[in-house]
Every structure is written in structure tokens, then in C-alpha cells.
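The values are calculated or read from the model by the stated rules, or taken from the named source; none is laboratory data. The structure displayed is predicted, hence computed values, not measured ones. For neighbour counting, all protein chains shown are included, and Cβ atoms are generated from backbone atoms with ideal geometry for every residue, glycine included. Quick note on the areas: whole protein, heavy atoms, side chains included, nothing else; ligands and nucleic acids left out. Shrake-Rupley method; radii C 1.70, N 1.55, O 1.52, S 1.80 Å.
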Amino acid sequence: MGAILTVRDLSKQFGHFSALKKVNLEVEPGEVVGFIGPNGAGKSTTIRILLGMLQATSGDARIFGRDVWSDAVEIHKRLAYVPGDVNLWPNLTGGEIIDLFMRLQGSGDRAQRDRLIARFELDPGKKSRTYSKGNRQKIALVSAFATDAELFILDEPTSGLDPLMERVFQECVEEVKAQGKSVLLSSHILSEVERLCDRVAIIREGEIIESGTLNELRHLTRILLRSETVSPPEQLETFPGVHDLERSGSRAVFQVDSDQLGAVMNYLAGLGILKLESTPPTLEDLFMRRYEQSGAKRSETER
Ligand SMILES: Nc1ncnc2c1ncn2[C@@H]1O[C@H](COP(=O)(O)OP(=O)(O)O)[C@@H](O)[C@H]1O
Ligand SMILES: [Mg+2]
């Protein structure tokens, strides 16, 4: 079987505004794919098209090999969706809403439902209008993870969850992944995605600006180094890829582009390394740098 989800050159216009510009995205069986970007980047628009809630202007989007617009009903039998802002029927209790979602999806496991309610520390007996945002989020998450969907589409699903519950969420994603299921996880919180995802696609202003495995993207990142050498590293500032250098005598603190690390290490080794500390790059750094770069490029052309 091929990809679970394929998006090819997907575009969406709202009037004259291009919300999506030829977006490409793929989710393979058993894969967790992070869909990362700042607010307004086009994540929810893409997801609404994938769910058949919104029609694309052009391009092709398929789930389980079927067209997301014309085959939405069939697709939804095998899919679970969690939105970032869960609006619920105010007069139903949390437990009633979970049961309703599970019946609508047409699958689900009662014991798994009860286990999830306990793990997310949800009180299912309260009317949903009394729930906080975090609790409404938990209802949607329990409903999704209690079904045996093959694909989970999660659109910023943890906004409003506290860190302990965030951890429970991550375990749930790891469990469905271990069962061979697929997940598309949109987020602007990079640290959560970094731990969970096999691959990420980074979207900004309706365009995918980077995609690949985290290892593939890490070449774009910078590593923070603290060094102390026998001889002072006087030439360090002349190395390409060295940034934000602070030097005092034989001590230096600086960032280095990952692909220039070898050259810098050779240089330091030649000076006699007394101490060396490195802080690995995070997706956050990578994303912020890409974000700043494309932002800077744009303001230059605007001038
Ligand atoms: N129905 C709509 N009509 C007009 N513009 C929209 C509509 N839905 C979304 N947009 C715009 O499309 C852009 C992408 O929005 P969205 O997909 O919600 O971003 P994200 O989910 O990444 O925060 C935003 O600029 C948003 O204002
Ligand atoms: Mg959104």
C-alpha cells in the first residue's frame, strides 16, 4: 500500500488572498508527520480541505487513495480528527459527547475510552459548558484515541493542556504509532513535535518552506559551543558559519552552523582543547532562523 495521505500542489484562494500555494505533503503508513508553522500559516486551511470541509481551488489531496472532497464520507470512517478549539454541545456531559463522537466515527472501544478518561483525569459527568478549554480538548482527544482510526489528524490538539497532560497526549501518539497507525500533527509548539515526529513539514504564509526528517533539517541548524583552549582562538571570527562570538582570552562562546562544525572543531583541536561544551540545536532554533531569514528577505524587497 502506498501513502496514507498525499497532497499535491494544493492551492486555496479566499477571494484574492492565497491561503495555500502549491502545498505538498505526504504521510506514509505508521508515520507521525509534524505540520509546523506560525499562526495564520495555513495549517488549519490545509486540514479543513483534507477533511472535506473546504474545497481546494486547485491541486490534488487524497487520503487512503481517495479524493478528500468527493469521498469524504468513506474517508471519515477510518479517520479521527481533533481540532485545536473544541466547541461542544453545552448541555451534554463530557461522557455523553465522547460516546456521541465514538458512535459517529463508527468504531471504538469502551474499555479504552474509560482508560483514556482516567489517564487524562477527565470528569465525564459534568456538562460541557462548565469545562475549561483544556477539558474540552481532553474530550476530543479521548474521543479520537478511543476509536480505531487508521489516520489521526490533530490540529494543534494540545493548546490548553498542562504539561502533565501534554505528556499523556504524547504517550497516546506513541501508542497509536506503535500500532502502525498514521498521524498528521499540526503545531506551533516545536518541542512537542520534535519528540514525536518522524518527519516535519514547515509551512509559512501558505508555502512549505522546509520538509524532511529532523536529521535532514538539522543541517540548517546552529550548535551552541563553549570552549576553552590552551592558545586563544583568535581566528575564530574569520570562520564562515561562526555567529554571535563572545571571546575572552582563551574562552569562547559562539554558535556554529552545523555544516561548518568539522572545520571549527579541527581549528580548536589544533589550539589544544581544555574544555568543550555543546548544546544541540532544537527545531525551535531552526524554525526561528528560517522565519527570520524569509522575513528579512521580504522586507528587503518591500523597500
Ligand atoms: N474562511 C476564510 N476566509 C478568508 N480567509 C481565511 C479563511 N480561513 C482562513 N483564512 C486565512 O487564511 C490564512 C491561513 O489560516 P489558517 O489555515 O487558519 O492558519 P493556521 O491554522 O496555520 O493558523 C490566514 O491568513 C487566515 O486569516
Ligand atoms: Mg489553525
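Suppose we keep only residues that are within 16 Å of ligand 1 (Cβ to nearest atom) and of a type in the set (G, A, S) within region 141-171. Which one would you say is nearest to E28 (Cα to Cα)? Before you say what the answer is, go through the steps one by one.
Taking region 141-171 and keeping what is within 16 Å of ligand 1 (Cβ to nearest atom), we get 153-160.
Right, trim to of a type in the set (G, A, S) and you get 159-160.
Working: S159: 26, G160: 29 Å.
Looking at the filtered set, the residue picked out is S159.
If I filter region 177-200 for residues that are in contact with a Phe, Trp or Tyr (Cβ under 8 Å, 6 or more places away or on another chain) and of a type in the set (K, R), do I get at least one hit? Yes, because at least one residue in region 177-200 is in contact with a Phe, Trp or Tyr (Cβ under 8 Å, 6 or more places away or on another chain) and of a type in the set (K, R).
Yes/no per residue for (1) of a type outside the set (A, V, I, L, M); (2) more than 30 Å from Y267 (Cα to Cα); (3) at pLDDT 90 or above:
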{"site": "K177", "(1), (2), (3)": "yes, yes, yes"}
{"site": "H188", "(1), (2), (3)": "yes, yes, no"}
{"site": "I203", "(1), (2), (3)": "no, yes, yes"}
{"site": "T221", "(1), (2), (3)": "yes, no, no"}
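Sub-7 Å Cβ pairs linking a first residue in region 44-66 that is more than 13 Å from L184 (Cα to Cα) to a second residue that is within 13 Å of ligand 2 (Cβ to nearest atom) and open to solvent by 50 Å² or more (accessible area, probe 1.4 Å), at least 6 apart or interchain, are L54/R48, ordered by first then second residue. Please find, within region 67-84, the residue that is least open to solvent (accessible area, probe 1.4 Å) out of those that are without any contact (Cβ under 8 Å) to a residue 24 or more places away in the chain and small (G, A, S). It comes out as A72.
Scanning region 3-14 for residues that are touching an Asp or Glu at 6+ places or on another chain (Cβ under 8 Å) and either of a type outside the set (A, V, I, L, M) or loosely packed, with under 13 Cβ neighbours inside 10 Å (or both), which turns out nearest to F152 (Cα to Cα)?
First, the residues of region 3-14 that are touching an Asp or Glu at 6+ places or on another chain (Cβ under 8 Å): 3-10.
With either of a type outside the set (A, V, I, L, M) or loosely packed, with under 13 Cβ neighbours inside 10 Å (or both) added as a condition, the list becomes 6, 8-9.
Values: T6: 14, R8: 20, D9: 22 Å.
Among them, the one singled out is T6.
For the list (1) modelled with pLDDT of 95 or more; (2) within 16 Å of ligand 1 (Cβ to nearest atom); (3) surrounded by fewer than 18 Cβ atoms within 10 Å (Cβ to Cβ), I need the number of the one condition that M53 fails. Answer for M53: the failing condition is (1). Select from region 15-29 the residues that are surrounded by 14 or more Cβ atoms within 10 Å (Cβ to Cβ) and within 16 Å of ligand 2 (Cβ to nearest atom) and write down the one among them that is nearest to the chain's Cα centre (by Cα). If we take residues in region 15-29 being surrounded by 14 or more Cβ atoms within 10 Å (Cβ to Cβ) and within 16 Å of ligand 2 (Cβ to nearest atom), then L25 is nearest to the chain's Cα centre (by Cα).
Annotation: T130 fulfils all but one of (1) touching a residue at least 24 places away in the same chain (Cβ under 8 Å); (2) over 19 Å from M53 (Cβ atoms); (3) more than 16 Å from ligand 1 (Cβ to nearest atom); the unmet one is (1). Report, by residue number, each residue of region 232-282 that is farther than 23 Å from N215 by Cα, part of a helix (DSSP H, G or I) and open to solvent by less than 80 Å² (accessible area, probe 1.4 Å). The answer is L236, Y267, L268, A269, G270, L271.
Residue check: G212 meets all listed conditions (1) assigned to a helix (DSSP H, G or I); (2) out of contact with any Gly (no Cβ under 7 Å at 6 or more places or on another chain); (3) open to solvent by less than 10 Å² (accessible area, probe 1.4 Å); (4) at pLDDT below 95 but one, namely (1).
The condition of being aliphatic (A, V, I, L, M) and open to solvent by 10 Å² or more (accessible area, probe 1.4 Å) holds for only one of I117, I139, I153, that being I117. Within region 85-107, residues that are in contact (Cβ under 8 Å) with a residue 40 or more places away in the chain have Cβ atoms under 9 Å from residues that are loosely packed, with under 14 Cβ neighbours inside 10 Å and assigned to a helix (DSSP H, G or I) in these pairs: D85/K133; V86/K133; L88/R129; M102/R110, counting only partners at least 6 apart in sequence or on another chain.
Matching residues to (1) within 15 Å of E175 (Cβ to Cβ); (2) among the aliphatic types (A, V, I, L, M):
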| position | (1), (2) |
| --- | --- |
| L122 | no, yes |
| S128 | no, no |
| R136 | no, no |
| V142 | yes, yes |
| F145 | yes, no |
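Would you tally the residues in region 147-168 being in contact (Cβ under 8 Å) with a residue 40 or more places away in the chain and either within 16 Å of ligand 2 (Cβ to nearest atom) or not in a loop (DSSP other than H, G, I, E, B) (or both)? It would help to see each step written out before you state the result.
Initial filter on region 147-168 (in contact (Cβ under 8 Å) with a residue 40 or more places away in the chain): 147-157, 159, 165, 168.
When the remaining residues are screened for being either within 16 Å of ligand 2 (Cβ to nearest atom) or not in a loop (DSSP other than H, G, I, E, B) (or both), the result is 151-157, 159, 165, 168.
Number satisfying all stated conditions: 10.
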